[in-house]
Every structure is written in C-alpha cells, then in structure tokens.
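The values are calculated or read from the model by the stated rules, or taken from the named source; none is laboratory data. What you see is a predicted model; the values in this text were computed from it and never measured. Because the Cβ atoms are built from the backbone with ideal geometry, glycine has one as well, and the counts that use them run over all protein chains shown.
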Amino acid sequence: MTQTSPAPEGASVVTHYQLKPGTHEAFARVQGEISLALAGSPLSEGSETHTDPSGAQQTVARRFSSTAAAKSWLASPDRETFEVGLAQMCSVEPITNILLPVLGVDAAGITSVVTTRVKAGQDSWFAEWQGRIGAAQQQFPGYVGQRVQAPIPGVNPDWVAIIAFDTSEHLRAWTDSPERKALVSESAPYIERYDVRTADSAF
C-alpha cells in the first residue's frame with residue numbers, strides 16, 4: 001500500500017543527527033535557539049524531535065506552510081550557521097530532506113525512514129526495486145502503510161521511504177528478516193548512500 005500525495009501545501013524539513021557522546025545538552029540548546037529564531041515567522045508551523053533509546057540518534061522535523069517556505073529555510077544563512085555548529089556535535093554528517101505531507105499512516109505506532117542516494121542513471125531500476133520491497137513488507141504482520149518520495153529537483157537529491165508498522169516489534173521483524181536483507185543486498189550496486197532511522201512519527 002503505497003500512498004501518493006496530491007499537490008500538498010505544507011512540508012517538513014527533517015534532519016537526522018548522530019550525536020557524539022556528551023553533546024546532548026549543547027544540541028538541545030541549539031535546537032531551542034533555532035525554534036526561537038523561527039518563532040516570529042508566519043511560515044513556520046512548529047517542530048518535533050524524536051530520540052532513539054540510546055539518545056544518540058536525534059531526528060528533528062520542522063514544519064512549514066509550503067514547500068517553498070521549507071526550501072527557503074533550508075537555504076537560509078541563519079540555518080547554515082546553526083547547522084555548522086550542530087555538525088561538529090555529530091559523529092557522521094547529518095542527513096536533511098524536505099518531506100511533503102504524509103497521508104494514510106495515522107494508525108502507525110512506529111516508522112522507519114529510509115533515505116537512499118541512487119547512482120546516476122539508475123532511478124528506473126530503483127523504482128522497480130522499490131515496488132518489490134514494498135510488496136514484500138506488506139506480507140509482514142502489523143504493516144500499516146508506506147509512502148515513497150522520489151527525488152525533487154532543486155530540493156531533495158534522495159529517495160525517501162517512510163514505512164509504518166503498528167508496533168516496534170513488528171517493524172523489527174521486517175527489518176531483521178531475510179527477505180529484506182536480500183533485497184537490500186541486491187540494491188547495493190545501484191546506490192551511493194543508504195540510511196535508516198526509526199521514529200515514533202511519520203512527520
């Protein structure tokens with residue numbers, strides 16, 4: 001069950017951070033400063049932060065009234081200044097995408113956000129592969145739905161898939177399954193980067 005979105009109005013800037021030990025308080029402080037900087041903008045519609053049990057993985061979603069507003073924030077000097085400091089707190093480079101509104105996953109208890117950078121000229125292959133992995137995950141208990149966003153020229157260079165399950169146990173059963181591992185292994189020659197994060201929201 002792949003959801004497609006008709007000309008959505010809002011959008012979220014979603015950034016995944018992998019924090020170094022001892023940086024959590026400084027990270028929270030900077031995120032507070034960003035929220036304060038955006039508070040006066042009528043185009044900003046709030047934010048939410050999701051943290052994995054270890055506290056090391058932080059996912060911050062900042063909502064905007066339109067894709068244009070989200071893109072403007074993504075390219076702003078103010079955000080760049082904040083992100084330079086935040087990147088120094090991370091053990092790997094943060095990953096940022098603009099996500100359009102999610103439809104049809106209200107029953108989700110847990111989601112997996114998969115960000116994939118596909119090699120040049122391989123998008124058709126990847127789209128076909130995405131259909132096959134989508135069909136495979138539907139066979140697992142607790143599956144709620146999936147939303148796939150193809151690269152958006154000038155906005156996102158990556159494919160983004162949000163896979164929703166009703167419980168973390170059911171999501172883990174899919175994530176650890178031989179079926180998924182075989183499909184991910186098959187995709188390796190066609191992609192440049194592959195990142196998976198878990199969150200308790202579909203943003």
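Please find, among Ile152, Ile163, Ile95, the residue that is assigned by TED's automatic domain parsing to the domain that holds Gln58 and at pLDDT below 90.
Details: Ile152 fails: assigned by TED's automatic domain parsing to the domain that holds Gln58; Ile163 fails: assigned by TED's automatic domain parsing to the domain that holds Gln58.
Unique residue meeting the criteria: Ile95.
Evaluated against (1) within 18 Å of the chain's Cα centre (by Cα); (2) at negative phi, Gly55 falls short on exactly one condition, (2). Of Thr116, Thr81, Thr49, Thr59, all but one fail to be assigned by TED's automatic domain parsing to the domain that holds Arg193 and either touching a strand residue (DSSP E or B) at 6+ places or on another chain (Cβ under 7 Å) or among the polar types (S, T, N, Q) (or both); the exception is Thr116. Selection of helices (runs of 4 or more DSSP H) fully inside region 15-115 by the criterion of at least 3 residues being in contact (Cβ under 8 Å) with a residue 60 or more places away in the chain and surrounded by 16 or more Cβ atoms within 10 Å (Cβ to Cβ) returns 67-74.
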